[in-house]
Amino acid sequence: MSKKLYILSIDGGGLKGLIAIRILKIIEEITGKKITETFDLIGGTSTGGLIAAALTVKGQNNQPKLNLEQIENMYLDAGQAVFKNDSFQLSGKETDHLNDLLHQTFEEKRIAETLLPIFVPTFDLNEKRIIVFKTRSALQEPGKNIKLFDVCRATSALPPVFPTYQVEYHGRQLECVDSAHHLRNPAIAVLAEAWKHRSYYLHPELKEEDIVLLSVSTGNFSRTGKNWSTNIQQILPEQSIATRYIQEQNMRIDMKKIKYMRVDLSLGSPIFNLMKFAEITERLNSLSKNSQFSDEISALLSSDQSLQQG
């Protein structure tokens, strides 16, 4: 009953998912474990949802089908198909390329089959609201057990690059677009899911201090200074939809007790492409050599240590 619940949240951001993937690779180096061996629940918006699905799709012997190196290579391949010569150009074949990539990755597998529970939002234009695809719901209600291919297309539909995506879900026809405008950083939304259904994810007596939440960014253009934070209060203002949901559900969560870290990176410019990623790779790799960062990650993700809140 003393086990902690480890939650990973990954931001949206298109090709900038490469940044989140590289951060996750560093975390694997620090912990010596696969991401799927460290966390109990993974949530992601848009590109973060694609990463969550790719991390948890089953391969042989109930092991992850893909490692982070393979997922990164998929992103590099997709990036070369969409971003060319430092500019954004559409050829009209971007959707075909993405569909082929997703079919090869997920085949006919469904969300109920993931190695770990995942939490992936989209925005339904028909009902004008966020819909969240969840492994938990898929296991409990067959009508919500859609294909991982559909989950990924729905969360990443961002016109004009990728058109809106229609999918039947629990007896409804959804017209999906990327929900990053409404829930770019899904950290508090994933936390709300875990807290409301704590008897499913761990045990009904779960306390806030039993929850470990790691939020991984895909980069920002404004913040300077340290590239990580242990103060959960800093992200609450941008979590209005999730915090409103918590209030409406009469869920009381003492955020200060959550063991939390957000890993971020200031890009310095709104322009991001494969060349920009190559430029910041060394900065990303330097995180693994930063003893303070390594110590804080180790403390956060250790089952018998707690992170001192900042």
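Quick look at the values:
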{"item": "Principal axis box of the chain, alpha-carbon based, largest edge first, Å", "result": "51, 47, 41"}
{"item": "Heavy atoms of Ser179: accessible area, 1.4 Å probe, square angstrom to 10", "result": "0 Å²"}
{"item": "Lys128 - accessible surface, heavy atoms, 1.4 Å probe, Å² rounded to 10", "result": "140 Å²"}
{"item": "Sequence of Met74, Met275 when ordered by accessible area, the most exposed leading, probe 1.4 angstrom", "result": "Met275, Met74"}
{"item": "Over 18 Å between alpha carbons, listed pairs Lys65/Lys109; Lys58/Lys134; Lys109/Lys134; Lys3/Lys134; Lys34/Lys109", "result": "Lys3/Lys134; Lys34/Lys109"}
{"item": "Span from the region 28-66 Cα centroid across to the region 252-301 one, whole angstrom", "result": "18 Å"}
{"item": "Kyte-Doolittle mean at least 1.0 and Cα axial length at least 20 Å: DSSP H helices in the chain", "result": "17-31"}
{"item": "Solvent-accessible surface (1.4 angstrom probe) belonging to Lys257, in square angstrom, nearest 10", "result": "100 Å²"}
{"item": "Distance cut-off 26 Å, percentage of C-alpha pairs in region 90-236 lying past it", "result": "34 percent"}
{"item": "Kirkwood hydrodynamic radius of region 212-301, from inverse mean 1/r over distinct Cα pairs, in Å", "result": "15.0 Å"}
{"item": "Dipole magnitude of the chain, debye to nearest 20 (Cβ charges: Lys/Arg +1, Asp/Glu -1, about Cα centre)", "result": "480 debye"}
{"item": "Inter-label distance, nm, simple model (7 Å from Cα along the C-beta direction), Lys256/Leu76", "result": "4.6 nm"}
{"item": "Protein-only accessible surface order, largest first, of Tyr165, Tyr260, Tyr245 at 1.4 Å", "result": "Tyr245, Tyr165, Tyr260"}
{"item": "Region 103-171: Rg to Rh, with Rh as the Kirkwood radius over Cα pairs", "result": "0.95"}
{"item": "Computed magnitude of the charge dipole of region 111-190 (debye, nearest 20; Cβ of K, R +1, Cβ of D, E -1)", "result": "160 debye"}
{"item": "Fluctuation leader among Asn227, Asn61, Asn126 - the chain, Gaussian network, Cα springs under 10 angstrom", "result": "Asn61"}
{"item": "Distant alpha-carbon pairs in region 1-156 (separation over 27 angstrom), percent", "result": "22 percent"}
{"item": "For Ser46, residues with placed amide H under 5 Å, excluding near neighbours", "result": "Ser179"}
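The values are calculated or read from the model by the stated rules, or taken from the named source; none is laboratory data. In this text the structure is predicted, and so the values were computed from the model without any measurement. Reconstructed Cβ throughout: ideal geometry from the backbone, glycine too, with neighbour counts over all protein chains shown. Protein only, heavy atoms only, side chains kept; ligands, DNA and RNA dropped before computing areas. Shrake-Rupley method; radii C 1.70, N 1.55, O 1.52, S 1.80 Å.
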